Every structure is written in C-alpha cells, then in structure tokens.
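Okay, structure first, notes after.
The values are calculated or read from the model by the stated rules, or taken from the named source; none is laboratory data. Note that the structure is a prediction, hence the values are computed from the model and not measured. Cβ placement follows ideal geometry from the backbone for every residue including glycine, while neighbour counts extend to all protein chains displayed. For the accessible areas, the whole protein counts, side chains as well, though only heavy atoms, and no ligand, DNA or RNA atoms are used. Shrake-Rupley method; radii C 1.70, N 1.55, O 1.52, S 1.80 Å.
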Amino acid sequence: MAAELGPYRLGRLLGRGGMGEVFHAWDTRRARWVALKLLHPRFGADEAYRQRFRREAEAAAELREPHVVPVHDYGEIDGQLYLDMRLIDGTDLATLLRSGPLEPRRAVGLITQVAAALDAAHAAGLVHRDVKPSNVLVGPDDFAHLTDFGIARPAGSMSVAENGMVIGTLAYMAPERLRAEPADARSDVYALACVLHACLTGTAPFGEGDSSALVGAHLYLSPPVLPDDVPAALGEVVARGMAKDPAARYPRAGALAADAAAALRRRPTAPLDPPEPEPEPTEPEPADRLAVPRRWSMPAPWPLPTWFRRALVVALVALLVVVGVSAVRRYTGTGISIGVGPVAVAFTASGAEAVIANAGSRTVSVLDVRGRTVVTEILLGAGRTVGAVPDAAGEQLFVTTTQRAGDELVVVDLRRSAVAATIPLPEPTVGAPVVDARRTTVFVPVRSGVVVVDLATGRVTGRLDRGATGLAPSADGTRLLGVDDRRSTADVVDVRTGAPARSIRLGAPAHLAVAAPDGEVVYLGSADPRHALTVVDPDRATPIDEVALPGPVTGLAVSRDGDRVFATLATDPPVLAAVDTATEAVTAGWFVEEFADSVALAVSPDGTEVWIANTDLGTLTIDDVSRPPS
C-alpha cells in the first residue's frame, strides 16, 4: 500500500478487521495525527455500498456524545473509502482483558460509558452492529470511547451483506442477526451484555472458537454462570441483556448499565410502576420517622421484622442529625426511583409540582413536591422521549419524541398537566431542545444541524447547519449560541439568515450551555476545571468572566432569580457546587450520587432545593441548598 493517500501520510498499522485496516496517519491539511480507517477494496467496488457508506458515515459524524470516537471526515480517494477519526491515546479493552477479568466496579464503569455512546447512536437511528472489546478504546483515567461506527447501519436494516457475509463478530452477535433478521438497538444491547460478561470473566460468553458452535450457542444456550467473586445480581443483568427474544432484553443500553450499577450496590433499580401497596400499620408511627412514599419503595433484600425496621430508621435519623448532614436529602435505593434514563427534571411555576421525563418513555411523570409522590402521568402520544427542557417560568415543557412515523416536538402545558401541541419534525431528533426566554422559538438538534420551530404558528421555519454539544438562544430567539467539546469557541448564529454572527474565544472547550432566565448572558460548562464555568454575552466577542471549580462540570442549572448557578462536578466523589453570579463566590460540597454518564438538574422556584436526576441509576437526589454543605 502506498505511504500516502490524498492528504494523509500513513504511519503504522493500528488494527485490522473484516471491514478493513486502521492506520496512524498524519493529516497534512489540518496538521494533526488521526486514526484513518481504510475499508477493504471489495466494499469500494460495490456502488450501492458506497452510497450507503456515505449516508451512514455522515450520520456517525453528527454524533456528539463524549464516548463516541469523533469522525472528522469521510469519503473516497482514488476508489478507496476512508474514515478520518480522532486518534485516542490508550489501549483497547480486548488488550486489557488478555491480563484477566476486570474488577466488577471497573467493568461496570466502562460498560456504562459504552452504553452512553450506544444510546446516542440509537437516538440518531444508527445500530453499531459490532460492539466488542476491541472496539472499546480505554484512555487515561479509564475514559472509554466506542469506535468503528464505519459499519453502523440504520435501525431495522438487515444484518447480512448483499454477498451473504455476516458483518460483525460472531462471539458478540445477537441471535436475530444470525437469523438474518432486521437489527435494532436491542441487538447492540445483546452485544453489550456479552462485553460485560467478557469484562467480568476475561472471555466472551461462549468463547471465540468454532463458528458453528458459536452460532448454536447464541441461538439456544443461556450465558455461563459468572464466577463466585462477582455479585450474583450482575449475572441477572447479563442474562436479561442476552435474552434470545429481543423483546425480553433491556430496551436501551443505558438501562442495562443502570441495572449493572445498581447490582454493585446490591439493590435493583426500582420500577416506576409499584407493586400492590401493603396494608398500612395499625399502630401510630414514630413522629421522627422518615416518610418514604410506598409508591416508590423497593422491597428489602430479605424480610425484616416491623419493630426492627422502625428502630433502625429512628437510629439512622438520629445519626444524620448528629453528624450534621441534614442539609442533604438523599432519595435513592429504597427512596425515590424515577424510572430508567431520566433526561430532564423541572419545576412548575408555583413549585408545588415537578416533572420528570425519561428517555424512551411515552409519558412525563408529575410529582407532588411536598409528598414526593407521582400524582399523574402525561401521555405524549406514540413517540418515545429523546430529550426535554422547560421554559424559564416553569409553565411549559418541550419534549422531543421519536417513532417510526416521524419525530415530533411535544409542547406540554404544565399548568394543566396536558399536551398543548404536537409539531412534526422534518428529520430525526438527536437531543433535547432549547427555548428562548420569551417563548417565541424552540431549537431542536437533528442529524444535520438544528431545526427552528416558531411557537406562534407551530411550524418549522428553518434549519441551521450547525451541530453543537450545547445550545443557548438569545432572549428573543434571534440568535443561537452553540459550543462543541472539540473547539475552544462559542459560535453565535443569526437565526434569520443562518449566517455566523461572531465567534467567542474560550479558555477551553465547553460542552454545556445554559442561558440565564432573562436570556442576557449564557453560562458555559467545561471539562477543564481551570475554565469550568465561563460567562458570555452573545453580543460580545470576549467572555465576561471565568470561574474555576474543583472539577469538570457535568451538569448546569440556573436559579429562577438568576442569583446562583449550580453545577455538578465529576470530582471523587462527585459534588454539587454553587456560584454566586454577583460575587463569583464558590460553594461546593453538596451530595451527588456517583454517576458515569450524565445528570439532569433543576432548581426549585424559591432557590432552596436542587433536584438531581441520575441518568445512570434512574434515581433522584434532593439537596437542601439553603444550608451550607456538610
């Protein structure tokens, strides 16, 4: 092979597979090292495959999830199909497993990150089809990337190439793919469960030997029992993920990861729909007993006498008061469970109720804030939730949903707990929408950029060819600011013309953007603690200010009065921090449950509580921020 391909100078071979080879290459146009994947010539000779490759590579390039290896470029040079990807510093999971199985907590941490990448791909309509250890790159601090989206195809597509060759790796292949049936997200869930098994045992569930034996095992055999030193609950997670019937598996990769994380804590993730309530006790309850709604309670691992449970709860309450952690109200485990994959939490205008939107759900749950109980469910229609965002006043919730018939923007009236409008979207949505402070315009991330929806008419009025990991509109919706975790700029676009208005230079790449309630300034969150929070004015070419925080920012929310910005930080352990917007004073240390993917935050209207929805575990933490952290 030639040492050069177009603008690329090929270096050492990084890997070889059934689809082609990956080289360490120098991109002379952009002066950077990249991982260059060259597909096998037999694929380049197939015109239908070349066209499909371009479509699917374009969709993969639009993925902005941090655990997806970014695709810089793709195309064809002298008949050679290629993918230009970010060069990741580290090794692959298969190499790590040659030294033996991983400790369960480390295994689940890596699987959770891969699950986040898969959920992002599935939301974009892509199925990876080759999830395996060698396609998981593990960098410093065990940060995982999922690579090789070069064979990804749309959900529902067949698993066998036109020449009859099965594309993928047999050791990790779902039964329906072996039967040449259409593949969807659940096929990747099966492969992810196989990878989890490999992490915990050091080998694929059925080995990697004879092809006919592997096919038979995937079609008919249950996964082998995990070693005794692995929590038994993780075996149940693997078994459900590897169910022969796709309908019996986890619906999302994130759901599998959430149950795996819960298994480490020796408690399952609580379902939203409760079991039949037990009879209420006839004797009076102690006045200082913690009140936990039966609706969200989970059964204890073993039965305990009533007298013992009461004594234990009273003792725990006393202990909490003594050690002074009453500023943190934590509702997890046997407390509040809010379903699988919560993507948004918000308060109504009065603050008497809160709403929770879960990824993949067809409903939005309405909670009584004081009682911590679900009071109603708002049916969104046939679509499943992708993302959601409230307006600044807490009067409306904007939800993006997806279904086979087409994606939609659903407008929920929080005052009536009812759907107010449903607006069709011209292409699949890939994330949560954003809305301006005056509620004139909603901006919806889609594969090709951002769709602009005029709320006065309920119609799509335009599309901006700008992808971003974080979006924030101006108060009147005439400008849209976007940030990308690969660039140290915040780019402002004129919504009317689609033309760039200005580029604001940042101290470090930002991946989150949240506008102040009045829309006058925007707060940007970064993974670089030195530049963790940047304050920008979309009308100015330079940042207003920067605030350093103890760790990378993973979630942002602003109080309704605009006096404080709250940020969840990926410290060890993670914490919640607050920044006073007038003095820039930082207060950090409120409790945040451990997470691997993301969290959703909401500040109560009176500014005294922050609700933190854990996307990984499907649980809710409530911090009393009216008091200093303990």
- Look through segment 460-489, keep the residues that are among the β-branched types (Val, Ile, Thr) and in a loop (DSSP other than H, G, I, E, B), and return whichever of them is nearest to the chain's Cα centre (by Cα). Thr469
- Query: Out of segment 240-265, which residues are under 15 Å from Val108 (Cα atoms) and out of contact with any helix residue (DSSP H, G or I) (no Cβ under 7 Å at 6 or more places or on another chain)?
  - Reply: Ala255, Ala258, Ala262, Arg265
- Looking at (1) in a strand (DSSP E or B); (2) in contact with an Asp or Glu (Cβ under 8 Å, 6 or more places away or on another chain); (3) within 28 Å of Ala393 (Cβ to Cβ), find the lone condition where Val452 falls short. (2)
- Message: Step by step: first the residues of segment 182-232, then only those that are β-branched (Val, Ile, Thr) and in a loop (DSSP other than H, G, I, E, B), then the one that is surrounded by the fewest Cβ atoms within 10 Å (Cβ to Cβ). Which residue is that?
- Response: Val225
- Message: I'd like to know if segment 122-129 contains one or more residues that are crowded, with 17+ Cβ neighbours inside 10 Å and of a type in the set (Lys, Arg).
- Response: yes
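Sort out which residues of segment 83-95 are touching a Phe, Trp or Tyr at 6+ places or on another chain (Cβ under 7 Å) and either acidic (Asp, Glu) or open to solvent by 20 Å² or more (accessible area, probe 1.4 Å) (or both), and write them in order of number.
Result: Asp84, Leu87.
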- Task: Report those strands (runs of 3 or more DSSP E) wholly inside segment 337-444 carrying at least 3 residues which are hydroxyl-bearing (Ser, Thr, Tyr), surrounded by 16 or more Cβ atoms within 10 Å (Cβ to Cβ) and in contact with a Ser or Thr (Cβ under 7 Å, 6 or more places away or on another chain).
- Result: 396-402
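Yes or no, residue by residue, for (1) touching a helix residue (DSSP H, G or I) at 6+ places or on another chain (Cβ under 7 Å); (2) buried (at least 20 other Cβ atoms within 10 Å of the Cβ):
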| residue | (1), (2) |
| --- | --- |
| Leu14 | no, no |
| His24 | no, no |
| Pro41 | no, no |
| Glu56 | no, yes |
| Leu63 | yes, yes |
| Leu81 | yes, yes |
| Leu97 | yes, yes |
| Gly100 | no, no |
